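Shown next, in structure tokens, is the structure this report addresses.
What follows draws every value from the coordinates through simple rules; no lab data is involved. Since the model is a prediction, treat every value here as computed from it, not as a measurement. Neighbour counts are summed over all protein chains in view; Cβ atoms, including those assigned to glycine, are modelled from backbone coordinates with ideal geometry.
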């Protein structure tokens with residue numbers, strides 16, 4: 001992967017982080033205000049627009065031609081080979097509620113998750129940065145990370161519940177210890193570090209922008225990312241497709257968690 005591409009990706013992540021923190025300090029009660037509809041048809045919050053505008057400004061100034069797929073604006077063709085797959089704020093509700101668990105997620109690829117070459121996820125409140133480069137491993141703040149070798153005897157998981165509850169999620173939530181944290185990219189990064197044994201979303205609600213970077217991070221950390229049908233997760237770069245997700249430290253654990261045919 002071209003170092004200039006990676007450098008631009010990190011510039012964008014840092015610029016978004018700076019702008020989001022500034023707005024959180026100065027305009028906290030505006031963060032959750034709905035100001036329109038995004039390209040995926042969901043409401044656009046003030047904080048999402050601030051973050052995306054920061055990314056667009058840097059991309060337009062860059063001498064490199066990089067296309068963009070982002071939550072609010074959709075796909076922009078700048079005539080490049082690569083696409084930056086961006087979720088400017090993953091965990092918007094956490095951000096405007098004051099819950100310090102939300103991120104920027106940016107992946108670099110050409111057309112789908114399986115061809116992503118580089119990914120970065122930044123936990124905005126803590127400043128922690130997760131990265132991965134294809135065939136070169138995964139890192140937290142430049143230190144190599146690895147999924148846990150075996151699940152904990154009392155497993156710790158993050159499961160999508162509430163309105164996105166499924167019967168399988170309900171069954172799994174009765175086993176071990178469960179969290180539901182509200183930022184898919186960060187929750188998957190927790191699997192990559194071994195903080196969580198697995199992350200489960202039973203409904204087809206996850207978009208490629210939510211998990212493009214973190215899927216690479218989990219896989220480069222030695223983990224596995226599947227759908228609830230047990231297939232390797234892959235998605236094209238668009239805002240239409242939705243998927244379920246099961247990210248875990250081992251294929252055996254995935255087999256144990258999924259319903260038997």
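Counted over region 156-257, the DSSP beta bridges are approximately 60% antiparallel. Extension gain for residue 136 to residue 174 (0.36 nm times residue separation, less C-alpha to C-alpha distance): 10.0 nm.
Rounded to the nearest 10 degrees, the inclination of helix 184-193 to the longest alpha-carbon principal axis of the chain is 60 degrees. Based on Cα contacts under 8 Å between residues 6+ apart, the chain shows a relative contact order of 16 percent.
Between the alpha-carbon centres of region 129-172 and region 26-57 there is a gap of 28 Å. Quick check: the angle from helix 208-220's long axis to the longest principal axis of the chain, C-alpha only, nearest 10 degrees? The two axes meet at around 60 degrees. Panel values: region 3-144, Kirkwood radius from alpha carbon pairs, Stokes-Einstein at 20 °C and 1.002 mPa s, translational diffusion coefficient 140 µm²/s.
Highest-first packing order for the peptide set 77-84, 89-96, 222-229 is 89-96, 222-229, 77-84, based on the mean count of other beta carbon atoms within 10 Å.
Label positions at residue 242 and residue 163, each projected 7 Å from the Cα along the C-beta direction, are separated by 1.0 nm.
Ordering 121-131, 17-27 by mean Cβ neighbour count within 10 Å, with the highest value first, yields 121-131, 17-27. Taking label positions 7 Å along the Cα-Cβ direction at both residue 35 and residue 63, the computed distance is 3.2 nm, reported to one decimal.
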